[in-house]
Amino acid sequence: MLIEEEIQQKAYALGIEKLGIIKPEAMLDYADRLQERMERIPNGEVIYGGFTRFADVKKNIPWAKSIIVAVFHYGHYIIPKEIGDRYGKSYLVDSRFNQDSPERQMLIAFEDYLHDLGIKTASNEHPGITAMRWAAYKAGLGIIRRNNFLYTEKGSWIGITAWAADKEMELIEKPSLVECSVNCNKCIKACPTKSLSSPYTMNMVTCVSRLSTSNDMVSYDDETNKQMGGWIYGCNVCQEVCPMNKNKWEHKDVFPGLADIQQFLSPVQIINLSYEEIENYLTPKFFYIKKESLWRWKLNAINMMVNEYKEEYMAPIQHALEDKYEIVREMARRALEKISML
Ligand code: SF4
Ligand code: SF4
């Protein structure tokens with residue numbers, strides 16, 4: 001048996017859904033795809049220019065002779081609706097930096113196996129050694145749909161990781177998935193901010209996932225705030241509406257630690273938490289909002305409460321008038337003005 005096949009068999013025995021191996025050079029055309037994307041959206045160079053470093057893996061890891069790409073399914077965890085409608089699901093069950101998660105354990109065991117084979121590897125949990133979706137696509141592990149997500153037979157609720165390896169190997173799979181129907185534009189129509197403006201064209205700057213995790217000390221205009229609706233951290237809309245994801249999420253397993261922090265995830269709780277508590281309870285899991293920018297949590301919570309206003313939200317919004325950050329106090333003042341006009 002070829003070493004590539006042995007590695008794949010071990011990966012599948014450990015629970016990895018798909019595994020392929022590409023040459024580092026296979027990623028070079030990612031720069032072209034990025035260029036196309038940059039040309040399609042305003043300010044594209046500024047937004048996506050930094051990603052070009054992912055195309056030339058050998059530039060960053062000169063000894064890399066192959067890239068091993070693994071796809072794992074995370075869409076099997078129990079996520080209560082009240083938090084699944086407010087938080088990006090991938091963040092709720094994020095295995096990166098979570099040593100207790102079964103997916104992290106699985107990937108560590110796989111990496112140990114590679115090392116036992118004498119293969120040197122390089123990887124990192126975030127941001128990764130290359131562009132993960134494109135690497136998985138090039139390895140034939142799935143297809144990229146019009147909402148820009150990589151899909152396998154299990155839908156788009158999947159994580160991708162990759163290792164640079166010092167051994168020359170190649171194993172390309174052949175996905176057996178049908179492309180998006182030319183008549184389908186459900187994801188584009190449903191995108192609340194129109195960030196996904198046409199097939200494969202997404203403006204990262206206006207995506208709710210980005211807006212709700214931004215570390216820039218800015219609050220957004222009224223229209224953007226309204227478009228963000230009830231989202232507090234991330235957004236699932238373009239994946240939820242996709243027919244290719246229909247019935248693909250299996251609510252069956254408990255994600256380690258999720259129940260422990262669930263009590264802190266409501267907008268009222270976020271307002272009531274001190275910044276120290278936010279850092280202790282939320283930052284380890286939701287690390288895109290940095291420690292220096294924890295006020296973003298309060299802005300997002302206030303915004304959600306305005307967009308889905310209920311009587312019980314009045315007290316926490318008033319409480320935010322006393323926040324230590326002016327940007328939060330200002331958001332609370334704007335919120336009370338809007339509520340008074342309801
Ligand atoms: S994650 Fe939400 S805001 Fe971002 S492109 Fe998808 S639907 Fe639009
Ligand atoms: S919603 Fe339709 S167009 Fe969008 S990714 Fe899914 S199948 Fe493709």
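Since every read-out is calculated from the coordinates, none of them should be taken as a lab result. None of these values were measured; they are calculated from a predicted model. Quick reminder, even Gly has a Cβ in these numbers, built from the backbone with ideal geometry, and neighbours come from all protein chains shown.
Couple of notes before you dig in:
- Cross-link reach list, lysines versus K252, counting only Cα pairs under 18 Å and skipping chain neighbours closer than eight places: K81, K89, K154
- Over the chain: helical MRE at 222 nm, DSSP H runs n ≥ 4 each giving -39500 (n - 2.57), nearest 500: -10000 deg cm²/dmol
- By other beta-carbon atoms within 10 Å, ranking K120, K23, K18 with the fewest at the front produces K120, K23, K18.
- Database note for the chain: Cys without another Cys beta carbon under 4.7 angstrom, C180, C184, C191, C207, C235, C242.
- Across segment 279-342, the mean sequence separation of Cα contacts (distance under 8 Å, 6 or more residues apart), normalised by length, yields a relative contact order of 28 percent.
- Whether segment 3-165 is rounded, prolate or oblate, judged on the alpha carbon gyration tensor where a/c under 1.5 counts as rounded: oblate
- Residue exposure sequence - H251, H76 - by fewest surrounding Cβ within 10 Å: H251, H76
- Residues of type aspartates and glutamates that K248 reaches as a straight line, Cα spacing below 16 Å, ignoring anything fewer than 8 places off in the same chain: E17, E153, E240
- The lysines whose alpha-carbon is closer than 30 Å to the alpha-carbon of K120, local same-chain residues fewer than 8 away aside, are K10, K18, K23, K58, K59, K65, K138, K167, K174, K285.
- Sequence-separation-based contact order of the chain, relative, with Cα cut under 8 Å and 6+ spacing, percent: 19 percent
- About the centre of its Cα atoms, the chain shows a dipole size close to 720 debye [charges on the beta carbon of Lys, Arg (+1) and Asp, Glu (-1) only; nearest 20 debye].
- Among 257-270, 301-314, the peptide with the highest mean count of other Cβ atoms within 10 Å heads the list, and the full ranking is 301-314, 257-270.
- Candidates F72, Y233, N203 compared by Cα position along the dipole of the chain: farthest toward the positive end lies N203, with charges placed on Cβ.
- Relative contact order [Cα under 8 Å, 6+ residues apart], segment 3-165, whole percent: 31 percent
- Which of F54, F97 has the fewest Cβ neighbours within 10 Å, and the rest in rising order: F97, F54
- Within a Gaussian network of the chain (alpha carbon springs, distance under 10 Å), most fluctuating of G49, G15, G142: G49
- Gaussian network model of the chain, Cα within-10 Å springs - most flexible of S101, S123, S176: S176
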